[in-house]
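Reading through the structure tokens given below for one structure.
The values are calculated or read from the model by the stated rules, or taken from the named source; none is laboratory data. Not measured: the values here are computed from a predicted model. Counting neighbours? That spans all protein chains shown, and the Cβs are built from the backbone with ideal geometry, glycine included. Accessible surface is based on the protein model in full, side chains and every heavy atom, while ligands, DNA and RNA are left aside. Shrake-Rupley method; radii C 1.70, N 1.55, O 1.52, S 1.80 Å.
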Amino acid sequence: GVAVLLREDLKLTSKQVGLLVGIMNFVCMCGAPLGGMLADAWGRKKALAATYVLLIAGALIMAAAQSFMHVFLGRVVMGVGVGAGLTVVTSYITEVSPKRYRGMFVGLEDLFLVIGISCGYVLNYALDVPGYGWRYMVGIGAVAPMGALLMLLLPQLLESPRWTMLQGQREQAEADLRLLVGDDEARKMLQEWARPAPFCTWAEVLSPKGTWRRQSLRVAVFIMALSLTGGIGTTTVYMGTIFATDVNLHEAAKMTSIVGGMRIVVQTVSSFVLVDLWGRRPLMLVTLAGATLALGATAFAYGAQAAMMPYKFLPILAFNLVHSFGLAPVASIYPAEIMPSDLRSKGVSLGTMVARGLSGTINIMFPVAMDAIG
């Protein structure tokens, strides 16, 4: 809904709308390594605080924007915050979580992204105020990072023991780690951290030696790219625009909220139960088959100029649910599992950059293609 209202209010062209939407992925690619550098230099908590400040600033800049360039600046600032935040949060969760819950907590990161997007759909529906509704929609995005920034001041939220240990404060790191994971696991983690970490250069990542290393990297990058370029990125950011071609904005926002709410339910069940119960590969194969059928039905409905309800809406809903059912949770867990430990960190970074770059390109081109094709 924001893209439609923003375009009308600021008289934007299709190319400008596409650029505003797609630039987020490219800026995230730049923000990700920045987050890693800040986390190592300042500590995880201070780096998190910096990302929250960027998210707040980006939302407020966009809410007060009077031109395309002002909105573009806000999107760039927010994109840097998102990219840096994803890196810092993943590192922090890994370093403060008990080993038996670590995989689940990392998987929850993707789930909460879906929850946040879905809450945005609901708020867009509630804040559909004539004239300035889009400003409230983007401005309210500053509320959550403000709350998170205040939570960082709580003494119960400890600095990462891993970072504390790297600063030479072993006793403090051990004390914090015992509070977080218990005595036995703290002792094991400290022993592990004391050993030299496996390392490889970017040259070794881009040209890995050995069949298994090459294949694991290719599969990991392919799955991460497929997760964002198979249509979910476009339907997520342009869903309101797509629905608004057949119904009014209020109804489009309502339909988008329904899709978002159902995605939360499906991905919650899949993340907590099905990924481990069924296995990664079967779940992904079922997802790909279902997504192909749903996209084919969507194309057929639009080609036949069928009514939005139920012929267009149901296939779009089915595609979103099928993606959340399997490919979304698998893509957040499986790539890191199949790569060797020395390749894992940079390999995931490479997959993220490729996926974000392709998704951003598609999102930039979509409004232009929509005007040309219909």
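Points to keep in mind about this one:
- Neighbours by Cβ (under 8 Å, 6+ apart or cross-chain): first from region 353-372, within 20 Å of TRP202 (Cβ to Cβ); second open to solvent by 60 Å² or more (accessible area, probe 1.4 Å) and assigned to a helix (DSSP H, G or I): ARG356/PHE26; GLY357/PHE26
- Complete set of residues in region 185-198 that are of a type in the set (Asp, Glu) and open to solvent by less than 100 Å² (accessible area, probe 1.4 Å): GLU185
- Any chance GLY231 is on the phi > 0 side of the Ramachandran plot and buried (at least 16 other Cβ atoms within 10 Å of the Cβ): yes
- Contacts under 9 angstrom Cβ, first residue in region 149-162 being farther than 14 Å from VAL181 by Cα and open to solvent by 80 Å² or more (accessible area, probe 1.4 Å), partner part of a loop (DSSP other than H, G, I, E, B) and of a type outside the set (S, T, N, Q), 6 or more apart: MET151/LEU157
- When each of THR211, THR229, THR234 is tested for being over 20 Å from LEU283 (Cα atoms), within 15 Å of the chain's Cα centre (by Cα), modelled with pLDDT of 85 or more and of a type outside the set (A, V, I, L, M), the lone residue that passes is THR234.
- Those residues of region 329-349 which are hydrophobic (A, V, I, L, M, F, W, C) and open to solvent by 10 Å² or more (accessible area, probe 1.4 Å), in sequence order: ALA331, ILE333, ALA336, ILE338, VAL348
Okay, residues lined up against (1) in a loop (DSSP other than H, G, I, E, B); (2) open to solvent by 30 Å² or more (accessible area, probe 1.4 Å); (3) free of Cβ contacts under 8 Å to residues at least 24 places away in the same chain:
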site: MET165; (1), (2), (3): no, yes, no
site: GLU174; (1), (2), (3): no, yes, yes
site: PRO208; (1), (2), (3): yes, no, no
site: PHE222; (1), (2), (3): no, yes, yes
site: ALA225; (1), (2), (3): no, no, no
site: TYR238; (1), (2), (3): no, no, no
site: VAL247; (1), (2), (3): yes, yes, no
site: HIS250; (1), (2), (3): no, yes, no
site: MET262; (1), (2), (3): no, yes, no
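- Every condition in (1) more than 25 Å from THR234 (Cα to Cα); (2) open to solvent by less than 40 Å² (accessible area, probe 1.4 Å) is met by ARG100 except one, and the failing one is (2).
- So LEU217, is it touching a residue at least 60 places away in the same chain (Cβ under 8 Å), part of a helix (DSSP H, G or I), open to solvent by 10 Å² or more (accessible area, probe 1.4 Å) and under 22 Å from PHE366 (Cα atoms): no
- When VAL368 is tested against (1) surrounded by fewer than 22 Cβ atoms within 10 Å (Cβ to Cβ); (2) more than 26 Å from MET29 (Cα to Cα), only condition (2) is not met.
- Checking each residue in region 1-54 for being open to solvent by 40 Å² or more (accessible area, probe 1.4 Å) and polar (S, T, N, Q) picks out THR13, GLN16.
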